[in-house]
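Engineer: Handing you a structure now.
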């Protein structure tokens, strides 16, 4: 399992760097929007007693931790894919980063756009199920469409890409958001840009670091 | 795209290390993005990250 340890080392470094970048982007761009949206929320009685990080360094610290760890997890997927296909270098990494952005951000966001706190949505479990199904279908679909040669696999892949959107994401019967629509749209644009930069950086760094190890 | 599709099949020795990395990666991502604990500790700590990464939240 020496190879596994190398994949972990590469992914950990790439994930922490990518997570740091994402946290800085979020701190100056999306966090102010989240905080603004929370001004429209009135805390419900059942949630008041739950622990939550204090605004400031504690809250930002947990977000940095979250971004670093998810970056590590996503980088593991990129590094393992490149390892299997005997690829290395930042150009291949950019390709896999783009694929990750499509699978884990663009495709789920087409049905369930990034939301500010205080937005009414369909029941959480149904949204999580659709999100996971969409990410899986998009990953397998992209693989079939781009990385196979047989025509029937490519057609099957293309069908899988559109299937989740034909089924449609779960939405509440009456949509209602506390924050103004302009704030929500601004949030969608900024998260899209930030996540694109995060994924491309994560892929490029992972690919570049894979050059440093021999399998 | 020819070079991508022309990559050789995965050698058997590479299956386990790659698969382990993928299982670990998915466990981390799905755990952080999707778990709901009864006390909301994890949810509240991961709150801003989940919103900004477009994971379903609340």
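Engineer: Rounded, prolate or oblate: pick one for chain B, where a ≥ b ≥ c are the square roots of the eigenvalues of its C-alpha gyration tensor, a/c under 1.5 means rounded, and failing that, prolate if a/b is larger than b/c, else oblate.
Structural biologist: It comes out oblate by the Cα gyration axes.
Engineer: While we're looking at this one, here's another question. Calculate how steeply helix A:2-28 sits against the longest principal axis of the alpha-carbon atoms of chain A, using the helix alpha-carbon long axis, and give the answer as 0 to 90 degrees to the nearest 10.
Structural biologist: Value to nearest ten degrees: 40.
Engineer: Still on this model: For the range A:177-213 and the range A:31-106, compute the distance between their C-alpha centroids and round to whole Å.
Structural biologist: Result: 9 Å between the Cα centres.
Engineer: Which residue, A:195, A:60, A:86, has the most motion in a Gaussian network model of chain A that connects Cα atoms within less than 10 Å?
Structural biologist: Result for chain A, Cα springs under 10 Å: A:86 fluctuates most.
Engineer: Right, another one. Classify the protein assembly as shown as rounded, prolate or oblate, taking a ≥ b ≥ c as the square roots of the eigenvalues of its Cα gyration tensor: rounded when a/c is under 1.5, otherwise prolate if a/b is larger than b/c and oblate if not.
Structural biologist: prolate
Engineer: Under the classification rounded if a/c is under 1.5, otherwise prolate if a/b is larger than b/c and oblate if not, where does the range A:52-202 fall, given a ≥ b ≥ c as square roots of the Cα gyration tensor eigenvalues?
Structural biologist: Oblate is the answer for the range A:52-202, as a/c is 1.5 or above yet b/c matches or exceeds a/b.
Engineer: Please tell me the relative contact order of chain A in percent, rounded to the nearest whole number, where contacts are Cα pairs under 8 Å and at least six residues apart.
Structural biologist: This gives 37 percent for chain A.
Engineer: A further question on this structure: For a Förster distance of 41 Å, can you work out the FRET efficiency between the beta-carbons of residue B:13 and residue A:154, rounded to the nearest 0.05?
Structural biologist: Calculated transfer efficiency: 0.90.
Engineer: Would you mind calculating the relative contact order of the range A:1-92 from Cα pairs under 8 angstrom and at least 6 residues apart, reporting the percent as a whole number?
Structural biologist: Contact order relative to length: 56 percent.
Engineer: Helix A:124-147: angle to the longest alpha-carbon principal axis of chain A, degrees 0 to 90, nearest 10?
Structural biologist: The angle comes out near 20 degrees.
Here, each number is a calculation from the coordinates, and none is a lab measurement. Note that this is a predicted model, so its numbers are computed, not measured. Neighbour counts run over all protein chains shown; Cβ positions are idealised from the backbone, glycine included.
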